[in-house]
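Since the structure comes first, as structure tokens, the remarks are kept for the end.
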């Protein structure tokens, strides 16, 4: 069951943004708010909402496609990098030895 807090805040913020936007449109129709301000809000609000939803989904889905946690994937990558470095050092040491010819 989802907690009420997980969806309550975004809904309240969305309702507040829509209310402010409707208020500004009504003021703009009466000549109260400059047109460029309304134009700026209308043009940037969808982009900011899209970025907010993207961040919310990325934080909500903290797992990769494999089902592993991101921290576990980074730790696996570190282990693999250390293993590769050890093998490369062995190769470098083997190449530095003078040949017995």
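A short reminder: the numbers here are calculations on the coordinates, not readings from a lab. Computed from a prediction, not measured in an experiment: that's the story for all the values here. Positions of Cβ are backbone-derived with ideal geometry, glycine not excepted, and every protein chain shown enters the neighbour counts.
How many nm separate the modelled label positions at residue 92 and residue 25, each set 7 Å beyond the Cα in the direction of the Cβ?
Inter-label distance under the simple model: 6.4 nm.
Say R0 is 25 Å: what FRET efficiency, to the nearest 0.05, do residue 18 and residue 57 get from their beta-carbon distance?
About 0.75, to the nearest 0.05.
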